[in-house]
Amino acid sequence: MPRVKQICCIGAGYVGGPTCAVIALKCPHIRVTIVDLNQARIDAWNSPDFNLPIYEPGLEDVVRKARGRNLFFSTDVDKGIRDADLIFVSVNTPTKKSGVGAGFAADLNYVELATRRIAATATSSKIVVEKSTVPCRTAESMRTILDANSKPNARFDILSNPEFLAEGTAIDDLFAPDRVLIGSLQTQEGKEACAALSEVYQNWVPKERILTVGLWSSELSKLAANAMLAQRISSINALSAICEATGANIAEVAHSIGQDSRIGPKFLRASVGFGGSCFQKDILNLVYLSESLNLKEVAEYWKQVVTMNEYQKRRFSKRVVDTLFNTITGKRIAVLGFAFKADTGDTRESAAITLIRDFQQERALVNIYDPQVEPNQIWTDLTEASPLVPLATIQRQVFICSSALEACKNAEAVIIATEWAEFKTIDWEAVYAGMNKPAFVFDGRLLVDADKLRSIGFNVTVIGRGERL
Ligand code: NAD
Ligand code: UDX
């Protein structure tokens with residue numbers, strides 16, 4: 001008899017939505033309810049035409065199969081909690097904007113509010129699973145809150161089960177994860193709770209891929225994984241600067257070092273800088289944790305990963321200005337891609353936002369095209385990036401286009417900011433014909449065939465490629 005029959009997931013975002021939709025698909029015997037306070041988000045998850053709140057390849061298919069069968073979306077958080085045997089807490093944990101630890105520490109307010117709600121509502125025992133990425137030992141605070149506020153007969157086991165999916169490949173990652181990590185207290189009850197969650201995953205994940213560890217190791221492993229992935233990108237980006245200065249080619253360097261089986265070939269693609277809601281936030285969180293543990297050198301070490309990323313973005317926009325004869329004032333720049341990576345509509349911490357802000361400050365005119373990002377999101381991001389500039393002023397300088405070709409028309413330069421596959425197959429001859437001359441392309445994603453573009457007539461600058469032959 002399966003131990004978990006009803007699951008509630010608090011938080012219907014990029015993690016809670018896809019993760020629990022896949023659980024519902026793979027475990028038809030479990031009723032899964034995903035709850036959120038955000039009515040618009042829940043309405044979108046429930047929309048009759050499957051106009052889901054996030055774009056993720058394969059997600060619609062999963063939701064179509066499970067929604068209304070054993071997958072439900074609701075704003076009735078209390079009912080979700082009451083009915084469930086197991087509750088995922090999958091709320092946002094952004095970097096704090098003010099107060100102690102501002103700019104570094106994770107804002108745990110949403111986790112705490114969700115935890116208090118569970119304590120106030122639950123009338124029977126529950127397994128509470130920390131899905132959000134949190135600082136090490138957050139489970140202890142959750143336990144204290146739950147124990148201090150629980151109703152009679154309600155006891156709680158707390159697990160850590162961080163999520164490793166990447167946006168754009170979330171469904172594939174969830175279907176076949178490298179590993180599922182479950183952290184628990186090493187008590188009898190803790191181990192039983194861990195076994196119950198493991199049983200859920202075993203419906204589709206091979207048992208040997210389900211790792212069970214202590215609670216604090218699990219929490220720290222999530223921060224560590226993201227820090228090490230981001231560190232690889234900052235390392236390759238640091239090398240890309242050396243390539244540009246020496247004539248070495250970063251793609252060749254990455255390939256050469258990636259053949260060493262100890263290093264491996266993945267995550268060595270030089271870029272205009274990493275973005276996304278996780279890397280920067282989680283490293284800053286690790287920096288804060290290290291500082292609060294009095295580990296100053298450790299904090300400085302990890303902070304450098306973010307510093308290098310900022311440098312990479314600045315370096316790229318400076319290269320654009322330098323190459324366009326030291327001024328882009330009044331010049332039209334086409335930015336292809338606004339999402340932080342391909343195959344997502346998510347723009348959180350996207351490098352494109354920083355680049356466009358830099359171009360705005362140089363008083364360039366900017367045309368933007370992205371196949372997935374909604375115009376409203378672009379305006380919101382650009383307004384947040386330049387809080388002192390009114391939206392009306394931004395809209396006199398920045399234009400959102402509905403195709404790459406339209407964005408490039410009459411431009412002096414094209415910037416590839418996101419590695420959307422469709423940018424590989426643009427009709428570059430037509431782009432060239434429509435641009436002012438000399439026509440420049442800046443490839444911030446190692447995406448296009450630079451030699452082919454040069455043969456058309458473009459002046460091409462590629463990240464990690466020097467001018468010297
Ligand atoms: P998100 O902002 O997309 O979604 C969080 C949702 O939680 C929001 O819809 C919000 O309305 C809801 N929420 C907040 N407080 C609530 C409450 N008290 N009750 C009900 N709903 C509440 O965030 P996300 O990207 O899904 O990230 C969630 C967590 O997962 C974060 O800790 C993040 O670091 C981690 N994570 C994210 C990714 C990713 O790729 N986005 C990957 C791995 C881990
Ligand atoms: C990341 C982690 O990969 C995932 O395991 C975790 O759960 C959440 O954070 P995500 O941010 O969704 O996932 O995407 P990811 O593929 O890691 O890319 C992050 C950023 O790094 C993107 O801007 C991407 O373009 C950039 N990147 C990635 C590079 O610049 N070079 C690379 O080689 C890989």
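The values are calculated or read from the model by the stated rules, or taken from the named source; none is laboratory data. Everything numeric in this text was worked out from a predicted model, so none of it was measured. As a convention, Cβ positions derive from the backbone with ideal geometry for all residues, glycine included, and neighbour counts pool all protein chains shown.
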### Message
Under 7 Å between Cβ atoms, which residue pairs at least 6 apart in sequence (or on different chains) link something in the stretch 39-52 that is outside the structural domain of Gly345 (by TED's automatic domain parsing) with a partner that is of a type in the set (Lys, Arg) and assigned to a helix (DSSP H, G or I)?
### Response
Phe50/Arg64
### Summary
Note on the stretch 308-338: residues among the small types (Gly, Ala, Ser) and closer than 16 Å to Phe399 by Cα are Gly330, Ala334, Gly337
#### Entry: Lone qualifier among Ala40, Ala24, Ala12, Ala44 - being crowded, with 18+ Cβ neighbours inside 10 Å and in a helix (DSSP H, G or I)
Ala24
### Summary
When the stretch 194-216 is checked residue by residue, the ones that are in a loop (DSSP other than H, G, I, E, B) and either in contact with a Phe, Trp or Tyr (Cβ under 8 Å, 6 or more places away or on another chain) or surrounded by 15 or more Cβ atoms within 10 Å (Cβ to Cβ) (or both) are Gln202, Trp204, Val205
## Note on the structure
Residue set Pro28, Pro48, Pro57; condition of a type outside the set (Phe, Trp, Tyr) and under 20 Å from Arg348 (Cα atoms); output residue Pro57
### Task
Return only the number of the condition from (1) touching a His at 6+ places or on another chain (Cβ under 8 Å); (2) within 16 Å of ligand 2 (Cβ to nearest atom) that Glu56 does not satisfy.
(1)
### Task
Scan the stretch 77-98 and report the pairs whose first residue is assigned by TED's automatic domain parsing to the domain that holds Leu113 and over 22 Å from Glu199 (Cβ atoms) and whose second residue is among the acidic types (Asp, Glu) and in a loop (DSSP other than H, G, I, E, B), with Cβ atoms within less than 9 Å and a gap of 6+ or a chain change.
Val77/Asp36; Val91/Asp36; Asn92/Asp107; Thr93/Asp107; Pro94/Asp107; Thr95/Asp107; Lys96/Asp107; Lys97/Asp107
### Message
If I ask for residues that are within 16 Å of ligand 1 (Cβ to nearest atom), of a type in the set (S, T, N, Q) and part of a loop (DSSP other than H, G, I, E, B), which ones from the stretch 148-166 would you list?
### Response
Asn161
### Message
Looking at the stretch 415-423, can you tell me whether even one residue there is assigned by TED's automatic domain parsing to the domain that holds Asp346, among the small types (Gly, Ala, Ser) and buried (at least 21 other Cβ atoms within 10 Å of the Cβ)?
### Response
yes
### Message
I'd like to know if the stretch 181-190 contains one or more residues that are under 24 Å from the mean Cα position of the chain (by Cα) and surrounded by fewer than 20 Cβ atoms within 10 Å (Cβ to Cβ).
### Response
no
### Task
Report whether or not Ala139 is more than 19 Å from the chain's Cα centre (by Cα), surrounded by 20 or more Cβ atoms within 10 Å (Cβ to Cβ) and either over 22 Å from Leu37 (Cβ atoms) or of a type in the set (Gly, Ala, Ser) (or both).
yes
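For (1) away from ligand 1 (no atom under 15 Å from the Cβ); (2) closer than 22 Å to Val200 by Cα; (3) of a type in the set (Phe, Trp, Tyr); (4) in contact with a helix residue (DSSP H, G or I) (Cβ under 7 Å, 6 or more places away or on another chain), each residue gets a yes or a no:
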{"position": "Val62", "(1), (2), (3), (4)": "yes, yes, no, yes"}
{"position": "Lys65", "(1), (2), (3), (4)": "yes, yes, no, yes"}
{"position": "Val91", "(1), (2), (3), (4)": "no, yes, no, yes"}
{"position": "Val100", "(1), (2), (3), (4)": "yes, no, no, no"}
{"position": "Leu108", "(1), (2), (3), (4)": "no, no, no, yes"}
### Query
Residues of the stretch 110-123 being of a type in the set (A, V, I, L, M), more than 10 Å from ligand 1 (Cβ to nearest atom) and surrounded by fewer than 20 Cβ atoms within 10 Å (Cβ to Cβ), which ones?
Ala120
### Query
Restricting to helices (runs of 4 or more DSSP H) lying wholly in the stretch 266-385: which have 3 or more residues that are in the same structural domain as Glu406 (by TED's automatic domain parsing), within 15 Å of ligand 1 (Cβ to nearest atom) and crowded, with 19+ Cβ neighbours inside 10 Å?
279-292
